[in-house]
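The structure appears below as structure tokens.
The values are calculated or read from the model by the stated rules, or taken from the named source; none is laboratory data. What you see is a predicted model, and the numbers here were worked out from it, not measured in a lab. Cβ placement follows ideal geometry from the backbone for every residue including glycine, while neighbour counts extend to all protein chains displayed. The accessibility values were calculated without ligands, DNA or RNA, using every heavy atom of the protein model including side chains. Shrake-Rupley method; radii C 1.70, N 1.55, O 1.52, S 1.80 Å.
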Amino acid sequence: MAALTFKVTRQNPELIPPAKPTPHEFKSLSDIDDQEGLRFQIPVIQFYRNIPFIQADPVHVIRAAISEALVFYYPFAGRLREVADRKLVVECTGEGVMFIEADADVSLQQFGDDLQPPFPCLEELLYDVPGSSGIVNTPLLLIQATRLRCGGFIFAVRLNHTMSDAFGLLQFMTAVGEIARGAKSPSTPPVWERHLLNARAPPRVTCTHREYDEVPDTKGTIIPLDDMVHRSFFFGAAEISALRGRLPPHLRRCSTFELLTACLWRCRTIAISPEPNEEVRMLCIVNYRSRFNRLLPKGYYGNAFALPVAIATAGDLSTNPFEYALELIRKAKSEVTEEYMRSLADMMVIRGRPHFAVVRSFVVSDLTRAGIGDVDFGLGKAVYGGPAKGGVGAIPGVLSFYIPFKNKKGENGIVVPVFLAADAMEVFVKELEMMVSREDDNNSVFITSAL
């Protein structure tokens, strides 16, 4: 797949406004939304097979459905403005989202059986229109719909992360899909209500938020993206079972998220080789909706998560048994309560909306239940639906994702895209292979893809 190249012919970018007039008003983002660490664009991509008996052009159907969906989600058609104290506000101008119609001289089959990041020619499938990638005063969504030679198509979207998290974006995309299939309105009406995650008056920090520590990069540990390699790693039942087997019996019922995160954190720490006394951080994205759904109404599409942090010295993490990392992660996750979220919003206002710590940090987002691949524009579910790449964000290589995946053998599992410096990646792969190999099996079944 790394060798695949193809040509994409794009039409001129256009703005798709709402299909009907919408209110011109100003809507504030929440104090969780507009933190510095979310002020970036996040790319998502979906690949769809051809359905022979469907004659309608999917690109035209999707364009029309976006316009209709924006009547309900009209803030997406506006532009962000920054006001006093770095507060972000949406001016609902009705200008629209940016849309690109394109054709590629490649078939879906040429991408191979294991569709997973990194994808070849991604910059052609989600074109960065000059001047469109800023956070304020630019379109909040950029969408490219690309027809493939085989009759399939690719739907790629770039989201201004301050507007929504993955679940909020999925809610909008689901609405587009429902309208594309004939619905008059979304099955889940969108809810703004961003004040629900605003700071209290007066703000008061009542919890510890070490994920926002200011950590100086004294030894150049932040690597430029151009010096990194991108690989994806597949964890199926065999790999997960092997990891559980490394735990004492009383911890083997831990969640797959906890298990995988402890493994990756430990292997990544060894790979980047900090000094033994230096602190390393594992930030776990915890979805607030799933824990406290009574507090956020159904249809809320803003950012609704926290980043609780596990902290250890590199020496302790590397030399202690595997369960040491696991127990730190379980403890960090348990800290997210309603009061924690209130305190977090208050801290954002008091400290000027800081960025989370990135030096010797690793962040993971679990999208295994997000359902991005389930979005149906009238051609069934996607062959692949999820992040277009790992390592996104203002600081490259820090953020990764857990993406649901079925490999070419038909095995269900999780694929994890990772960015690391080339020499660190070599060490990372060796450590990971040791972790997922069973004592009775010297031949690793670990599967990777790379660009």
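A few comments on the model shown:
- Residue ID - nearest to Ala238 (Cα to Cα), chosen from residues in the stretch 376-390 that are surrounded by 23 or more Cβ atoms within 10 Å (Cβ to Cβ) and touching a Gly at 6+ places or on another chain (Cβ under 6 Å): Gly385
- Considered as a group, the residues in the stretch 410-435 that are under 17 Å from Ala242 (Cβ atoms) and without any contact (Cβ under 8 Å) to a residue 40 or more places away in the chain include one that is most open to solvent (accessible area, probe 1.4 Å), and that residue is Lys430.
- Only a single criterion out of (1) at pLDDT 90 or above; (2) of a type outside the set (Lys, Arg); (3) closer than 19 Å to Leu122 by Cβ; (4) open to solvent by less than 10 Å² (accessible area, probe 1.4 Å) is not satisfied by Phe405, namely (4).
- In summary, Arg294 fulfils each of the numbered conditions (1) open to solvent by less than 10 Å² (accessible area, probe 1.4 Å); (2) farther than 26 Å from Gly397 by Cβ with the single exception of condition (1).
- Pairs linking a residue in the stretch 42-59 that is in the same structural domain as Val383 (by the TED database) to a residue that is of a type outside the set (Ser, Thr, Tyr), with Cβ atoms under 8 Å and 6 or more positions apart or on different chains, do not occur.
- Among residues of the stretch 337-357 that are within 18 Å of Pro216 (Cα to Cα), those with a beta-carbon under 9 Å from a residue that is open to solvent by less than 60 Å² (accessible area, probe 1.4 Å) and β-branched (Val, Ile, Thr) at least six positions away or on a different chain give the pairs His355/Ile395; Phe356/Val309; Phe356/Val363; Phe356/Val398; Ala357/Val215; Ala357/Val309.
- Check on Leu283, within 22 Å of Leu367 (Cβ to Cβ), in contact with a Leu (Cβ under 6 Å, 6 or more places away or on another chain) and either buried (at least 17 other Cβ atoms within 10 Å of the Cβ) or at pLDDT below 95 (or both): yes
- Residues in the stretch 353-367 that are on the phi < 0 side of the Ramachandran plot and among the charged types (D, E, K, R): 1 in all.
- Residues of the stretch 65-89 that are without any contact (Cβ under 8 Å) to a residue 60 or more places away in the chain and either out of contact with any helix residue (DSSP H, G or I) (no Cβ under 9 Å at 6 or more places or on another chain) or surrounded by fewer than 23 Cβ atoms within 10 Å (Cβ to Cβ) (or both): Ser67, Val71, Tyr74, Arg81, Glu82, Val83, Ala84, Lys87.
- Selected residue (criterion: farthest from the chain's Cα centre (by Cα)) from residues of the stretch 372-394 that are at pLDDT below 90 and more than 20 Å from Ala332 (Cβ to Cβ): Leu379
- Figure legend. Inter-residue proximity from the stretch 302-315: first residues within 22 Å of Ser334 (Cβ to Cβ), second residues polar (S, T, N, Q) and open to solvent by less than 10 Å² (accessible area, probe 1.4 Å), beta-carbon distance below 9 Å, spacing 6+ or different chains. Indicated pairs: Asn303/Ser30; Asn303/Gln35; Asn303/Thr162; Asn303/Ser164; Ala304/Ser30; Val309/Ser361; Ala310/Thr261; Ala312/Thr269.
- Top-ranked residue in the stretch 22-40 [being surrounded by fewer than 21 Cβ atoms within 10 Å (Cβ to Cβ) and farther than 20 Å from Gly94 by Cα; ranked as farthest from the chain's Cα centre (by Cα)]: Glu36
- Test result for Glu323, within 30 Å of His195 (Cβ to Cβ) and not assigned by the TED database to the domain that holds Ala175: no
- Count - residues of the stretch 254-267 that are within 19 Å of the chain's Cα centre (by Cα), open to solvent by less than 30 Å² (accessible area, probe 1.4 Å) and of a type outside the set (A, V, I, L, M): 4
- Within the stretch 246-260, residues that are at positive phi have Cβ atoms under 9 Å from residues that are surrounded by 18 or more Cβ atoms within 10 Å (Cβ to Cβ) in no pair, counting only partners at least 6 apart in sequence or on another chain.
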